Each structure stands twice: as structure tokens, then as C-alpha cells.
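**Student:** Can you read through this structure? Questions will come right after.
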């Protein structure tokens, strides 16, 4: 019998498992297998930028990002483009440019190296969970077949399409669903987007945004779109508009996709009974920018702190510990009209408030 089974080994799951294993006997189930030597680690579709909030959380955890996780160039500005009016501005921001696959692998490696009461099983995927009264029974699928695990508490850290959430809390609203499509492009001619993170707003492609990020000689191009058969064409419209604004794009080397939620406060599910949720599984992701790493780390730390006194009463302590996260979600929702209503966005860009001017 495990004290805690964590489903998902991304930033939320790896951090929760590492911290909770100081006090409890923990099993971490990670669906991705160990990559072969020299292979590129698989990763969630993500631009791979650590925003200041994520950097702050790493600082509070006493962590520094290793050099082999970083990518070049390091970026200090955001280029915001309104494709409707043609208005654009540059805003100073400080990001860490990282390889998301290596970043996730680093955090998971920290958990494995911590020892304590933690066991990590890679290539293991949750198939089904069932409440057994005083514990939860989990059916786990791996290369060796099916196995059964029992836990006093299960933590779902398995992302926007969380199997833990859908099985433990069926019917609960979970926010508007999007698909994030992202490509890695070969180097091209000198581009207007080579020294900054670009965010483009193209309403004909949907009500979210697209992005470009230079990364180790390649260009990452992505967009959050409404799912369905029209999504690929919408993605191509975003790329075409980026080209109109001087972003040079080479041949596609890789295309990937994943689910993304845009939550409201009512979509948050922290958990109850013997099931807890962290990160995107709980609904913790920025509804304005889709940034999720800082939210994953903050919710993982909050649950680990809630479990420190023991398993009894964890839910009330976790709710108290996520008060700031829930408040920030409401504030991010209030920011949406400024970013996504065309006339308000155009007004903000025209004002130039907070923008910087780049010297030739």
C-alpha cells in the first residue's frame, strides 16, 4: 500500500513526488519511457520559456537550471502583433529559454535522485482507478502488462486531458478546450522574430494567439486553436500572417500537438476524499497566456505542504494553500478582454504604454 501515487511526471508531478517523499511512501507513474541514449526527450507542446513567476518558484525551491537544459538565445522582449490593424509593440520581459523535454527530464531526475520514499516507474500509464473505501485501487498499464496498485491518496498530475480527473470527478466542467499545434522550423533568412518572443493575434484563426520563439538555431512556431478539422488550416493562416510581418520560416522539421484548457474559476477541481489534482489537471494554467509551468510548481508545492502534517485533513490545507493561485486565475480572466477584444487590444497597442523602442 502506497501513501501517495502521483500520476504524471511533468513539472507538477515530479515536484510533488520529490517533496512528498520526504514524509510519505510515494509511487510516481510516468507514461513516457526513458529515452534512448542520444534521443530527444519527448515533451508537452510548449514554447519552452520560463516566465518570471516560474523562475521565482525555482528560486524558492533552491533550484538552478543546468546549462544543458538552456537554449539560445536568451530573450528579453515580447513582440506583440495585432494582425487586424497591423499595430505592433515591443515589451521588455525576462524569460529563460529552455528545451522543454530536457527541462521535464531534469525535474524528474531530481525526484529520482532524492531517494527518500519515492519509486518512479517510467512507461507506466493509468488505465482505471476505483474507490475502495479506505484506499484507491489503480490499474496500471506498462510494457510488462497490467498491474494493480493501492494508495491511500492519488494525485492526478496528468495534464489538460487528465484521466484521473475524468474518472474521479466525471461531469465536472473543465474549461474551454483548445489544441496547441507547434512546429520546429529549420533556419531561414534573417527574420524579424529572431531576437524576441513573438505573440500574434489573428482573430480569423481563433480567439487565442500564436507564437514564435527562436531556439538553438531553429524557430518554434505555434498556435492555440479550437479543435476540429479546421484547426490545421487556421494554423497555416497564423503562419501566413507571421510571414507578412517579416518572420522568415524554413522547412518544417517537426510538427506536434497537445490539448490545452482555458479555465474559469468554476472549472478548478482541487480534489476530494482520496483523490487530489495539481497543475493543469486541476485547472491551474494561465487563461490569458497559457503559461503553465509556474502554476504547476505552485500547486505541487501547495499540495506537498498540505501533506506534510499527514494525509488526514489534506483537502482543507490544500485549499488554503492554493488561495493565491485561485485569486490569480480570477485576475488573469479579467485580463482577457484587454488581450482578446480587438478594439481594446488596438487601443492598448496604440497607446504604447510600457513599450520599448529598439535602436537600429
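FYI, it's all coordinate maths here, none of it is from the lab. All figures in this text were calculated on a predicted structure; none of them were measured in a lab. Note that each Cβ is placed from the backbone with ideal geometry, even for glycine, and that neighbours are counted across all protein chains shown.
**Student:** Which residue, 267, 82, 244, has the most motion in a Gaussian network model of the chain that connects Cα atoms within less than 10 Å?
**Tutor:** Answer for the Gaussian network model of the chain: 244.
**Student:** At a Förster distance of 22 Å, what's the computed FRET efficiency of residue 316 paired with residue 22, Cβ-Cβ distance as r, to 0.05?
**Tutor:** Computed FRET efficiency for residue 316 and residue 22: 0.55.
**Student:** Classify the stretch 177-291 from the C-alpha gyration tensor, please: rounded if a/c falls under 1.5, else prolate or oblate depending on whether a/b exceeds b/c.
**Tutor:** Verdict is prolate for the stretch 177-291.
**Student:** Taking the chain as the reference, fit the longest principal axis to its C-alpha atoms, fit the long axis of helix 11-20 to the helix C-alpha atoms, and give the angle between the two in degrees, 0 to 90, nearest 10.
**Tutor:** Between the helix axis and the principal axis of the chain, the angle is about 30 degrees.
**Student:** Still on this structure, please answer the following. Can you compute the modelled spin-label distance between residue 128 and residue 264, with each label point 7 Å from Cα toward Cβ, in nm?
**Tutor:** Once both label points are built, they end up 3.4 nm from each other.
**Student:** As I understand it, the value is the acute angle between the Cα axis of helix 323-340 and the longest principal axis of the Cα atoms of the chain; what does it come to in degrees, rounded to 10?
**Tutor:** Roughly 20 degrees between the two axes.
**Student:** Also, quick follow-up: Order of 295, 106, 314 from fewest to most other C-beta atoms within 10 Å?
**Tutor:** 106, 314, 295
**Student:** Let me ask another. So what's the back-of-envelope 222 nm ellipticity for the chain, counting only DSSP H runs of four-plus at -39500 (n - 2.57) apiece and dividing by all residues, rounded to 500?
**Tutor:** -9000 deg cm²/dmol
**Student:** Averaged over every viewing direction, what's the projected area of the C-alpha convex hull for the chain? Give it in nm², one decimal, please.
**Tutor:** 18.3 nm²
**Student:** Then there's this: Taking 0.36 nm per residue of separation and subtracting the Cα-Cα distance, what length does fully extending residue 254 through residue 119 add?
**Tutor:** So the extension gain works out to 45.3 nm.
**Student:** Given a cut-off of under 8 Å on Cα pairs at least six residues apart, what relative contact order in percent is computed for the stretch 2-350?
**Tutor:** Relative contact order comes out at 20 percent.
**Student:** What is the distance in Å between the Cα centroid of the stretch 329-356 and that of the stretch 297-315?
**Tutor:** Between the Cα centre of the stretch 329-356 and that of the stretch 297-315, the gap is 35 Å.
**Student:** Oh, and also: Cut-off is 10 Å between beta-carbons; in what order do 335, 239 appear when sorted fewest neighbours first?
**Tutor:** By the 10 Å Cβ count, ascending, the order reads 335, 239.
**Student:** What does a probe at residue 34 reach in the stretch 82-116, counting residues whose amide N is under 19 Å from the point 7 Å along Cα→Cβ?
**Tutor:** The answer is 101-116, whose backbone nitrogens lie closer than 19 Å to the label point.
**Student:** Here's a follow-up. Looking only at 79, 18, 323, which one moves most when the chain is put into a Gaussian network model with springs between Cα atoms under 10 Å?
**Tutor:** Sorting by GNM fluctuation, first place goes to 323.
**Student:** What spacing in nm lies between the two simple spin-label points modelled at residue 357 and residue 330, each 7 Å away from Cα in the Cβ direction?
**Tutor:** Inter-label distance under the simple model: 4.1 nm.
**Student:** For the chain, modelled as a Gaussian network with Cα springs under 10 Å, which listed residue fluctuates most, 19, 344, 303?
**Tutor:** Looking only at 19, 344, 303, the biggest GNM fluctuation is shown by 344.
**Student:** Cα centroids of the stretch 99-138 and the stretch 52-89: how far apart, whole angstrom?
**Tutor:** 28 Å
**Student:** Let me ask something additional. If r is the Cβ-Cβ distance from residue 244 to residue 60 and R0 is 45 Å, what FRET efficiency results, to the nearest 0.05?
**Tutor:** Given R0 = 45 Å and the Cβ-Cβ separation, E is 0.60.
**Student:** Also, I was wondering about something else. Which angle between 0 and 90 degrees, to the nearest 10, do you get for helix 231-244 versus the longest principal axis of the chain when only C-alpha atoms count?
**Tutor:** 40 degrees
**Student:** Let me check against my output: what whole-number percent is the relative contact order of the stretch 12-135, with C-alpha pairs under 8 Å and at least 6 apart?
**Tutor:** The normalised contact order for the stretch 12-135 reaches 43 percent.
**Student:** Going by Cα centres, the stretch 229-284 and the stretch 1-36 are how many Å apart?
**Tutor:** 24 Å
**Student:** Given the chain, what percent of its DSSP beta bridges are antiparallel, to the nearest 5?
**Tutor:** 70 percent
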